[in-house]
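**Q** Dropping a structure here in structure tokens format, bear with me for questions.
Since every read-out is calculated from the coordinates, none of them should be taken as a lab result. Keep in mind that this is a model prediction, so the values were computed, not measured. Every residue, glycine as well, gets a Cβ built from its backbone with ideal geometry; the counts of neighbours run over all protein chains shown.
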Amino acid sequence: MTNEQKEKIIDLRHQGYGYTAIANAVGLKKDNIKAFCRKHGLAGVKAESNARVSIVQDICLNCGKPLTQQPGVKQRKFCCPECRTKWWNAHQDQVKQKALYRFTCPECGQDFTSYGNSKRKYCSHECYIAARFKGGDAI
């Protein structure tokens, strides 16, 4: 949790927002927000508003560095491509995989999935080699 996120949590809690609304606005889990509020004496008061908080994300989701947003341009979530890659690799459960294909390997019979490759046949390189050089000597 970055210092900017902590400041936003404190500010939103003083404005009367609940744990879920703050969690959605800051990009953390509800339990993390609740634990932070309890630790800093911000718990115990029922939230006055359950409305969604519309806060422009002005910090990098990965490292927490401040971002400069340009009007008329899509809002940035990351400060650099490296942060974007690190964050998505750490949060693969949030990726909406549209090109996910399911196959059965003709060599071993194992079911497997392939992302982005609709023409894949084998589950691994080993199965490909076994099918390719079946019955003959490998080079």
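**Q** Quote the charge dipole size of the chain about the Cα centre in Debye, to the nearest 20; the model charges only the Cβ of Lys and Arg (+1) and of Asp and Glu (-1).
**A** 280 debye
**Q** Using only the Cα atoms of segment 73-139, build the gyration tensor, take square roots of its eigenvalues as a ≥ b ≥ c, and label the shape rounded, prolate or oblate: rounded if a/c is under 1.5, else prolate if a/b is larger than b/c, else oblate.
**A** Note, shape of segment 73-139 comes out prolate.
**Q** From the P(r) of the chain, could you give the percentage of C-alpha pairs in the tail past 17 Å?
**A** Values: 6859 of 9591 pairs.
Percent of Cα pairs beyond 17 Å in the chain: 72.
**Q** Provide the net charge surrounding Tyr128, with neighbours chosen by a C-beta distance below 14 Å and charges set as Lys +1, Arg +1, Asp -1, Glu -1. Don't skip to the end; give the middle numbers.
**A** Details: positive: Lys119, Arg120, Lys121, Arg132, Lys134; negative: Glu107, Glu126.
Neighbour charge sum, excluding Tyr128 itself: +3.
**Q** Got a sec to turn the phi values of segment 82-99 into Karplus ³J(HN,Hα) couplings, 6.51 cos²θ - 1.76 cosθ + 1.60 with θ = phi - 60°, whole Hz, x for Gly and Pro?
**A** So the Karplus estimates, Gly and Pro as x, are 5, 5, 4, 5, 4, 5, 5, 5, 7, 10, 5, 5, 9, 7, 8, 7, 8, 10 Hz.
**Q** Using 7 Å Cα-to-Cβ label points, what is the Met1/Lys77 separation (nm, one decimal)?
**A** Taking the two extended label points, one gets 2.2 nm.
**Q** When the chain is fully extended, how far beyond the present Cα-Cα distance does Ser124 get from Asp11, taking 0.36 nm per residue of separation? Present the calculation step by step, with values, prior to reporting the outcome.
**A** Values: separation 113, 0.36 × 113 = 40.68 nm, distance 5.17 nm.
Full extension of this stretch gives 35.5 nm more.
**Q** Still on this structure, I have one more. How high is the relative contact order of the chain? Use alpha-carbon pairs under 8 Å, at least six apart in sequence, and give a whole percent.
**A** Averaging sequence separation for qualifying contacts and normalising by length gives 13 percent for the chain.
**Q** Continuing with this model, one more query. Please list the non-local residues whose amide H lies under 5 Å from the amide H of Ile59, H modeled 1.01 Å from N, same-chain partners needing a gap of 5 or more.
**A** Correct list: Leu67.
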